[in-house]
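Read the structure below first, then the notes.
The values are calculated or read from the model by the stated rules, or taken from the named source; none is laboratory data. Everything numeric here is computed off the predicted structure, so don't read it as measured data. Note: ideal-geometry Cβ built from the backbone for every residue, glycine included; neighbour counts use all protein chains shown. Note: accessible area is taken over every heavy atom of the protein model, side chains too, but ligands, DNA and RNA are not part of it. Shrake-Rupley method; radii C 1.70, N 1.55, O 1.52, S 1.80 Å.
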Number of protein chains: 2
Amino acid sequence: MVKTPYIGKWISCLYRTGQSFFDYHLGSYGLGSGNGYYACFTYLFRHEGITQDTISKHVAIDKTTIARSIMKLETLGYVVRHIDPIDRRAYKVYLTEKGRALQPIIEATLTQWTTSLTHGLTPEETQMAYILLERMTQNAIITKEKLSSQELSRSEPNETTFINN
Amino acid sequence: MVKTPYIGKWISCLYRTGQSFFDYHLGSYGLGSGNGYYACFTYLFRHEGITQDTISKHVAIDKTTIARSIMKLETLGYVVRHIDPIDRRAYKVYLTEKGRALQPIIEATLTQWTTSLTHGLTPEETQMAYILLERMTQNAIITKEKLSSQELSRSEPNETTFINN
DNA sequence: AAAAAAAGGTTGCTATAGCAACTATTTTTT
DNA sequence: AAAAAATAGTTGCTATAGCAACCTTTTTTT
């Protein structure tokens, strides 16, 4: 890898090799390299009966991507969706037995990837990596929100622009 | 973002928001969200006349992706390719004037993204983030290489498997 | 020197994921 | 209560990027 002072390059490489890793280890379950699947799964492992939109917002992935991920997971028999009788626009998403059976496998793979990445780091460095990545992610989300609000800001001039400072 | 002990989630978010960022800032130059473009550019800014394969290996991006990136950059008039007279399989890639004119713009955008991500971090933390990301990326590449060599290891039993330890 | 293997690139195919625009409900305005 | 706006989800489209297979040229074996 070339040395440049740009973080994006490392991120990009980590993302892409991660995709290969997940595809390699979980491809046989019908899941491929899609981060969307694992985002949905890890969220569903903790919060069943939530809507796609809730997942989308909590994992910071576009609702279209979540919709298609859930669609695939439903086809594969890992989740079921029931229309929310109170809000008939929304689906509540539940894991099936088959889906829940995947929990240890998915968690093991995610852990394994994390472990691979932090190989050779001290526990303190690993901890630090977590914290820094989390903070950078927060910054990334804020930056993106600023861009979106700037796009709208012709009609409703700068008001939302500084919300996330 | 949901709190889980998996690094992949932060990486994924950073990667995707980064794509949006580049698309937003550089889309008007015909470059979109493709990390491949910026990898090619930043490498070409320092090393002109190299082959696609060299780029591919140095930036750890599949040669197919590099090929298509370069193809697009050629169409857009940012690079030219000349067959290497010594090795007629290979193309040597050069920036055009138009391509070189993009250097400050691309570098500014890459820097801006890095700056956005590290907002609120101390210089030491930023430095730490760099180092840790770099080390994790090295681990990622090694892990991936291990997987590839395992796939081959039926024909030529484990020999290459431990090379990268 | 011929055959085999490796290397540089390309093509075909696939999965992923975002954006814009849309439908259908629900909520808020007025 | 009607109109407007917001929300949940889907469809269409696009760009990105990897893998497998392939072609061509070069290098290595034998």
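For the residue pair A:ASP62 and A:HIS82, what label-to-label distance in nm results when each label sits 7 Å from Cα along the Cα-to-beta-carbon direction?
3.2
Using unit Cβ charges (K, R positive; D, E negative) and no other charged atoms, how large, in debye to the nearest 20, is the dipole of the protein assembly as shown about its Cα centre? It would help to have the intermediate numbers written out before the result.
Details: 36 positive and 32 negative charges, 124 e Å.
The calculated dipole for the protein assembly as shown is roughly 600 debye.
Taking a label point 7 Å out from Cα toward Cβ, give me the nm distances from A:TYR94 to the same spot in the other copies, shortest first, one decimal.
6.7
Roughly what would the spin-label model give for A:MET71 and A:SER20, points 7 Å off Cα along C-beta, in nm?
A separation of 3.0 nm, rounded to one decimal place.
Work out, step by step, the length gained on full extension between B:HIS47 and B:GLU97: first 0.36 nm times the residue separation, then minus their alpha carbon distance; give nm to one decimal. Show your work: numbers first, answer last.
Details: separation 50, 0.36 × 50 = 18.00 nm, distance 1.52 nm.
Full extension from B:HIS47 to B:GLU97 adds 16.5 nm.
In whole percent, how big is the carbon plus sulfur part of the accessible area of the range B:27-95, probe 1.4 Å, protein atoms only? List each step's numbers first, then the result.
Working: 1810 of 3540 Å².
Reported share for carbon and sulfur atoms: 51 percent.
Return the lysines within reach of A:LYS98: Cα separation strictly under 19 angstrom, same-chain partners fewer than 8 residues apart disregarded; answer none if there are no such residues.
A:LYS72
According to a simple spin-label model (label point 7 Å from Cα along Cα-to-Cβ), what is the distance in nm between A:HIS119 and A:ILE105?
2.4
What ³J(HN,Hα) values, in whole Hz, does the Karplus curve 6.51 cos²θ - 1.76 cosθ + 1.60 give for the range A:35-44 when θ = phi - 60°, with x put for Gly and Pro?
4, x, 4, 6, 4, 4, 4, 4, 6, 5
Run the reach check for A:LYS63 against aspartates and glutamates, Cα to Cα strictly under 18 Å, same-chain hits fewer than 8 apart removed. What comes back?
Partners within reach: A:GLU48, A:ASP53, A:GLU74, A:ASP84, A:ASP87, A:GLU145.
Structure shown: which of A:LYS9/B:LYS57; A:LYS9/A:LYS144; A:LYS92/A:LYS146 lie over 22 Å apart, alpha-carbon to alpha-carbon? Kindly include the intermediate steps, with their values, before the conclusion.
Details: A:LYS9/B:LYS57 14 Å; A:LYS9/A:LYS144 18 Å; A:LYS92/A:LYS146 31 Å.
Over 22 Å Cα-Cα: A:LYS92/A:LYS146.
About its Cα centre, how strong a charge dipole does chain A have in debye, to the nearest 20, once Lys and Arg get +1 and Asp and Glu get -1 at the Cβ?
Working: 18 positive and 16 negative charges, 68 e Å.
Here chain A has a charge dipole of around 320 debye.
In a shell of Cβ-Cβ distance under 13 Å around A:GLY18, excluding A:GLY18 itself, what net charge do Lys and Arg (+1) and Asp and Glu (-1) give?
Details: positive: A:ARG16, B:LYS9, B:ARG16, B:LYS144; negative: A:ASP23.
Value of the local net charge: +3.
Would you tally the net charge around B:MET128, using a Cβ to Cβ cut-off of less than 12 Å, leaving B:MET128 out, and scoring K and R as +1, D and E as -1? Intermediate values should be presented prior to the final figure.
Details: positive: A:ARG135, B:ARG135; negative: A:GLU124, A:GLU125, B:GLU124, B:GLU125, B:GLU134.
Summing Lys and Arg as +1 and Asp and Glu as -1 gives -3.
Using a 1.4 Å probe on the protein heavy atoms only, what accessible surface does B:TYR15 show? Give it in Å² to the nearest 10.
Surface open to solvent at B:TYR15 totals about 30 Å².
Taking K and R as +1 and D and E as -1, what net charge do the other residues with C-beta under 10 Å from the C-beta of A:SER116 add up to? Let's see the in-between values first.
On the way: positive: B:LYS144, B:LYS146; negative: none.
With Lys, Arg at +1 and Asp, Glu at -1, the net is +2.
Percent relative contact order of chain A, based on C-alpha pairs within less than 8 angstrom and at least six residues apart?
Working: 123 pairs, mean separation 25.3, N = 165.
Value for chain A: 15 percent.
Can you give the longest stretch of chain A with no exposed loop site, where a site means trypsin sites (Lys or Arg not before Pro) in a DSSP loop (not H, G, I, E or B) with at most 16 other C-beta atoms within 10 Å? Write out the running numbers ahead of the final one.
Details: sites that count: A:LYS3, A:ARG88, A:ARG89, A:ARG154.
Longest stretch, sites excluded: A:4-87.
Quick one: divide the alpha-carbon radius of gyration of chain A by 2.2 N^0.38 Å and tell me what you get.
Details: Rg = 18.5 Å, N = 165, 2.2 N^0.38 = 15.3 Å.
Cα Rg divided by the expected 2.2 N^0.38 Å: 1.21.
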